[in-house]
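Enquirer: The structure under discussion is supplied below as structure tokens; questions concerning it will follow.
The values are calculated or read from the model by the stated rules, or taken from the named source; none is laboratory data. Here the structure is a predicted model, which means the values were calculated and not measured. Cβ coordinates were reconstructed from backbone atoms using ideal geometry, including for glycine residues, and neighbour counts include every protein chain displayed. Heavy atoms of the whole protein, side chains included, go into the accessibility calculation; ligands, DNA and RNA do not. Shrake-Rupley method; radii C 1.70, N 1.55, O 1.52, S 1.80 Å.
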Amino acid sequence: MSIQINSEEFQVTEHFLQYVQIDTQSDPYSESFPSTEKQKNLAKLLLKQLLELGIKDAELDEHGYVFATIPSNTNKKIPTICFCAHMDTSPDCSGLDVKPLIHKNYQGADIILPDDPKQILRESEHPDLAKQYGNDIITASGTTLLGADNKAGLAAIMDAARLLLNHPEIKHGDIRILFTPDEEVGRGVEKLDMKKLAADFGYTVDGETLGSIENETFSADEVIIRIQGISVHPGFAKDTMLNALKVAGQLLDSLPKDRLSPETTSEREGFIHPVAIQGTVEEATLHFIIRDFDDNKLRDHETELRNLTETIVSGYPGCTYEFIVHEQYRNMKNVLKDFPQVTEIGIEAMERLHINPILRSIRGGTDGSRLSFMGLPCPNIFAGEHAFHGKQEWVSVQDMQKAVLTIMMISKIWEEKS
Ligand SMILES: [Zn+2]
């Protein structure tokens, strides 16, 4: 059974165009929560729109999370399903004064962004454009990101909420809506009250290509290596100085060059990746991120890095080091494997809508990986966003409409199967 929605009923594009014009860039160096106060400008608009839909319990809490419930319209006992999207945009690219442009009926020609004509979307560099012939592509104007990551998800959830309320013939249980700040700086669920959320299963709507559904993320640790040298006046340093900077440099140089790095791996391969270094002669601190889909391999990578550090530092008698591991997040498959129906219903929803489901793993993390371990098994479904975190970011109107339908269909299938 399908869902009958006329194309003129959708408002997802109008919502999207409105949301991207509100600057919600998050800040990795901020210690406040949310990391930037301006994210609440969008949160307030979303709250207002939810209240206007007649959702009485819509709420914006003091941390910037937006919650709302689309109440069940049957007497059946159905698990409460949450749909989640994040409000912030990446710190990597400006999100100020975004001017969204709609390029109607894409037919393969280069899309030149007018405010910086060097920014050109070519099909050769954006292969997914080949699937968009006849569709309407939305981009920014060349000087900012677009913010489809994840405002396409916000817009899809908002429109699905409105349509579910307008179509009581589509039966569903309680649907919880959750909009989070600070996903892009890895703190999206830090202050989230899971009791208040009170959902059984969830879906983040933050995926790329039409049909993609992701039930695996990396497992992720941070490693900090602090190398202690010996600082002496350089005029009197013979046989006594131990330069921590040089030891750090040698350690970096000794990392594997043809494997175990982001630039030499793909698919299911993990890596050891230095991301920052600070130091003086006396002390140097190296920051690494370690990634793998398999927790045992993650530990193997850490052991390899630890052994390498030991070998290099032991070549400098008197030099010492600390090796500190912080867990960041874990592969959500560890949780989702015990709740296969969550992913299966996502796939079935797409099949019923004649969307080809693409089950993938994410070489990264999502709010969903953390939510899964906080008790809300939560795969990620497509929102249609592409080339995110940059000036050539794009999304199509038609993919966003299909995301709306997918959210509605998932809600309906959970009702049917309960
Ligand atoms: Zn995102």
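Enquirer: Beyond 26 Å between alpha-carbons counts as too far, so tell me which of Lys99/Lys412; Lys191/Lys391; Lys333/Lys417 fall in that bin.
Expert: Over 26 Å apart, Cα to Cα: Lys99/Lys412; Lys191/Lys391.
Enquirer: List, in the order given, every pair from Lys56/Lys77; Lys38/Lys196; Lys40/Lys195; Lys38/Lys151; Lys77/Lys337 whose Cα-Cα distance in the structure shown is over 26 Å.
Expert: none
Enquirer: Can you give me the % of accessible surface on the chain that is carbon or sulfur? Probe 1.4 Å, all protein chains present, nothing else counted.
Expert: Roughly 50 percent, rounded to a whole number.
Enquirer: If you don't mind, another one. Report the Cα centroid-to-centroid distance between the stretch 178-198 and the stretch 82-97 in angstrom, as an integer.
Expert: That distance is 14 Å.
Enquirer: Oh, and also: Label 7 Å along Cα→Cβ of Asp128; the stretch 340-371 residues with amide nitrogen under 16 Å?
Expert: Hits in the stretch 340-371 for Asp128 at 16 Å: 355-366.
Enquirer: Magnitude of the Cβ-charge dipole of the stretch 303-359, K/R +1 and D/E -1, about the Cα centre, nearest 20 debye?
Expert: 40
Enquirer: State the Cα centre-to-centre distance between the stretch 1-71 and the stretch 375-393 in whole Å.
Expert: What the calculation gives is 16 Å, centre to centre.
Enquirer: Consider all pairwise Cα distances in the stretch 219-323 and report the whole-number % of them above 17 Å.
Expert: Details: 2873 of 5460 pairs.
The proportion of pairs with Cα distances above 17 Å equals 53 percent.
Enquirer: Per residue and in cubic angstrom, what volume does the convex hull of the Cα atoms of the stretch 297-418 have?
Expert: 149
Enquirer: Of Gly202, Tyr321, Leu252, which is farthest on the positive side of the dipole of the chain, counting Cα position, with +1 on Lys and Arg Cβ, -1 on Asp and Glu Cβ, and the Cα centre as origin?
Expert: Gly202
Enquirer: Another one. How much mean residue ellipticity at 222 nm does the chain get from its helices, if each DSSP H run of length 4 or more adds -39500 (n - 2.57) and you divide by all residues, to the nearest 500 deg cm²/dmol? Please report the intermediate quantities before stating the final value.
Expert: Details: 10 runs with 121 residues, N = 418.
Computed ellipticity for the chain at 222 nm equals -9000 deg cm²/dmol.
Enquirer: Note down the nm distance, to one decimal, between modelled labels 7 Å out along Cα→Cβ at Asn75 and at Glu310.
Expert: Going by the 7 Å Cα→Cβ label model, 6.8 nm.
Enquirer: With +1 on each Lys and Arg Cβ and -1 on each Asp and Glu Cβ, how big is the dipole of the chain about its Cα centre, in debye rounded to the nearest 20?
Expert: It works out to roughly 560 debye.
Enquirer: Hey, another quick one. Show me, bin by bin at 20 Å from 0, the whole-percent P(r) of the chain based on Cα pairs.
Expert: Result returned by the calculation: 25, 52, 20, 4, 0.
Enquirer: What do you get for trypsin sites (Lys or Arg not before Pro) in the stretch 291-385 restricted to DSSP loop and a cutoff of at most 16 other Cβ within 10 Å of the site's Cβ?
Expert: Sparse-neighbourhood loop trypsin sites (Lys or Arg not before Pro): Lys337.
Enquirer: OK, next. In Å², what does the accessible area per residue of the chain work out to with a 1.4 Å probe?
Expert: Using a 1.4 Å probe on heavy atoms only, each residue of the chain averages 43 Å².
Enquirer: Taking the Cα atoms of the stretch 68-216 alone, what are Rg (to one decimal) and Dmax (as a whole number) in Å?
Expert: According to the Cα coordinates of the stretch 68-216, Rg and Dmax are 18.3, 57 Å.
Enquirer: Taking the Cα-to-Cβ direction at Glu52 and at Ser254 and moving 7 Å from each Cα, how far apart do the two end points lie in nm?
Expert: In this crude spin-label approximation the distance works out to 6.2 nm.
Enquirer: Among Glu393, Glu62, Glu37, which one moves the most in a GNM of the chain with springs linking Cα atoms closer than 10 Å?
Expert: Glu62
Enquirer: Can you give the convex hull volume per residue for the Cα atoms of the stretch 141-275, as a whole number of Å³?
Expert: Details: hull volume 31.0 nm³, N = 135.
Cα-based convex hull of the stretch 141-275, divided per residue, equals 229 Å³.
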